[in-house]
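In what follows, a structure is listed as structure tokens, so that the remarks can point back to it.
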Amino acid sequence: MPPLSLLDIAGIVTVLDVLGVCVFAISGALVAARKEMDPIGFIALGTVTGIGGGTLRDLVLGVQPVFWVSDSLYLIAPVVVSLAMFWGARLFHSRYAGLVWADALGMALFSVTGASKALTLGAPPSVAIAMGIMTAAFGGIIRDVLAGESPLVLHKEIYVTAAFAGAGTLVILHGLGVGQEVRALAAFALAFTVRALAIARGWSLPHY
Amino acid sequence: MPPLSLLDIAGIVTVLDVLGVCVFAISGALVAARKEMDPIGFIALGTVTGIGGGTLRDLVLGVQPVFWVSDSLYLIAPVVVSLAMFWGARLFHSRYAGLVWADALGMALFSVTGASKALTLGAPPSVAIAMGIMTAAFGGIIRDVLAGESPLVLHKEIYVTAAFAGAGTLVILHGLGVGQEVRALAAFALAFTVRALAIARGWSLPHY
Amino acid sequence: MPPLSLLDIAGIVTVLDVLGVCVFAISGALVAARKEMDPIGFIALGTVTGIGGGTLRDLVLGVQPVFWVSDSLYLIAPVVVSLAMFWGARLFHSRYAGLVWADALGMALFSVTGASKALTLGAPPSVAIAMGIMTAAFGGIIRDVLAGESPLVLHKEIYVTAAFAGAGTLVILHGLGVGQEVRALAAFALAFTVRALAIARGWSLPHY
């Protein structure tokens, strides 16, 4: 059943992408909570964090208009999630831990969907990997710059490395002809595991 | 006289857009004055503030090339205005008040023209509202980030809310079939009034 | 031999462009060294600095996809150069001097290639000049914002002025019908000389 399988493939990437937008929106809203913003500040910072990485990806790849203009679900979902966090943020025992883990989940999801979208559009492997990393990292960078904080991404923890592991795995498995569901899930699992271990065990690369 | 009316419609949006670029350029130049920049710094910061929001709007909507490449009046006007401010900034009794009010005017103008342009290109209502807010807010955000200050937009004052009121009014009146001149002026008036009251009376939303 | 000459012309701009990407990548890696980042941080900051200005140029001009997606050499070169700097940065006697001079070289190169690309695409003179300045300045601005520093570009030293001199010279010589090799080299030499004198002699414009 190739048509059904094709539907599943597109479906998996879409579901992961919406999930990524929502967890990054949560991470943006948690920063808004730390900065004691008003509900509109929650919506603005959450939405920008959620859709920022994918927006840059689409601009650079020449996808027009960008994904959230083509399908406004991608715009409405982070607006609703961010606003809900104005009340829901109190449910997190630690806002900083919530931020770090939502950010890790979003990073792993976007490293996969960013690289997938680039491959679908015929980009070469190096560009697909860069696109996975960029999609994963850019939303969080805007979030931190707007909030006046040093970007989490550039801290000495392993972050871009984890996104590189996810995007690289996806591109290699694609080259080996592995099916799209399997390679998406394998790449996501690796990116998230690397980042989770780095957070839990304080892993870092040697620095200058 | 439909053709004349059509001309008027495009004319109103164009005039508002050039006005918006110029008042945002003034706000950028006033920040350059606070930072004691040289004339080139005035031009750079003023021009980026003036055209930044519309540039992002056009990129996201897939308008190519962006408006100031198609029509260089939009580039030359803020360059001239910003440079004139190198001498003219002294005319402002208070540079901070000048900045806040030029910024308010630019915000109200761009919330209308940003949403209008998106509707003209066939974007759905939620995207048109987001585009109005983004056009209104982005120039000021770049201005403040480049100047190393916390973005005015994210302060606890009502700002994005005012842009939301303007863009939302425009989209609703468009849906109700109200003529373009009337809806543009009504939306502008509402956005500016909300922001002006917030500035004058220190209004703010409840914060986290 | 028009075809050969044409090849030379494209060849000169390409070589200057790759050089510009690499020296800006070095400047980004030197900031990574000052911030004591890990190898991935070197790659990220160096690559973003190297390709950031040209990416914005291509987005604004409507070139799709952007240059480093079309030709991945522009992506791979700064990745390799930035990573090599993780060990090579120690070769610089003064990392700050290295940064300032690599940045000056990149600025002069990109002021020429940015304006050339805009002219090739039929942009009017004012837009071509703006594009030269923007390509030259934007990579360094992102570098400094990401590193949490005040952008070097907006300091009171002559910087944007030098890029303006380079891009303006290129556009004027183009208008006068001067050959592309000569105008590219003359414009580069002027931009670099103005910046070098400003650095060496502490030149600055009068400030507000």
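Quick one: grab the alpha carbon gyration tensor of region C:2-201, order the square roots of its eigenvalues as a ≥ b ≥ c, and give me rounded if a/c is under 1.5, else prolate or oblate depending on whether a/b is larger than b/c. Taking the square roots of the gyration eigenvalues as a ≥ b ≥ c, region C:2-201 is prolate.
In this simple spin-label approximation, C:Ile76 and B:Trp203 carry label points 7 Å from Cα along the Cα→Cβ vector, and these lie 5.8 nm apart.
Can you bin region C:136-194 into rounded, prolate or oblate? Criterion: square roots of the alpha carbon gyration tensor eigenvalues sorted a ≥ b ≥ c, rounded for a/c under 1.5, prolate for a/b above b/c, oblate for the rest. Could you put the intermediate results ahead of the total?
Details: a/c = 3.47, a/b = 2.66, b/c = 1.30.
Prolate shape, in that a/c is at least 1.5 and a/b is the bigger ratio.
Distance from the alpha carbon centroid of region A:164-187 to that of region B:62-123 works out to 45 angstrom. Dipole size of chain A about its Cα centre, with +1 on Lys/Arg Cβ and -1 on Asp/Glu Cβ: approximately 380 debye, rounded to the nearest 20.
Peptides B:35-43, C:106-114: what's the order by average Cβ count within 10 Å, highest mean first? All intermediate terms of the calculation are to be shown ahead of the outcome.
Details: B:35-43: 22.9, C:106-114: 31.3.
Peptide ranking by packing, descending: C:106-114, B:35-43.
Secondary-structure-derived ellipticity at 222 nm for the protein assembly as shown, considering helices only, amounts to -27000 deg cm²/dmol, per-run term -39500 (n - 2.57) for DSSP H runs with n ≥ 4. Cβ crowding within 10 Å ranks A:Tyr96, B:Tyr208 as A:Tyr96, B:Tyr208, fewest other Cβ atoms first.
Ranked for footprinting exposure by Cβ neighbours inside 10 Å, fewest first, C:His207, B:His174 give C:His207, B:His174.
Can you find, among A:Val18, A:Ser116, A:Thr49, the residue sitting farthest towards the positive end of the charge dipole of region A:2-201, where Lys and Arg contribute +1 and Asp and Glu -1 at Cβ? Going by the charge dipole, the pick is A:Thr49.
Need one value for B:40-52: mean number of C-beta atoms belonging to other chains within 10 Å of its residues' C-beta atoms.
Numbers: counts 12, 10, 2, 4, 12, 1, 0, 3, 4, 0, 0, 2, 0.
Shielding by partners across B:40-52 averages 4.
Quick check: from the Cα gyration tensor, does the protein assembly as shown come out rounded (a/c under 1.5), prolate or oblate? Rounded, because the longest to shortest axis ratio a/c is under 1.5. Taking every full run of DSSP H in chain A, the ones that stretch at least 24 Å from end to end by Cα along their long axis and average 1.6 or higher on the Kyte-Doolittle scale are A:2-34. Inter-label distance, C:Val15 to C:Ala196: 1.8 nm, where each label sits 7 Å from its Cα along the C-beta direction.
FYI, it's all coordinate maths here, none of it is from the lab. The structure presented is a predicted model; accordingly, all values stated were derived computationally and were not measured. Positions of Cβ are generated from backbone atoms using ideal geometry, with glycine treated the same way; all protein chains shown enter the neighbour counts.
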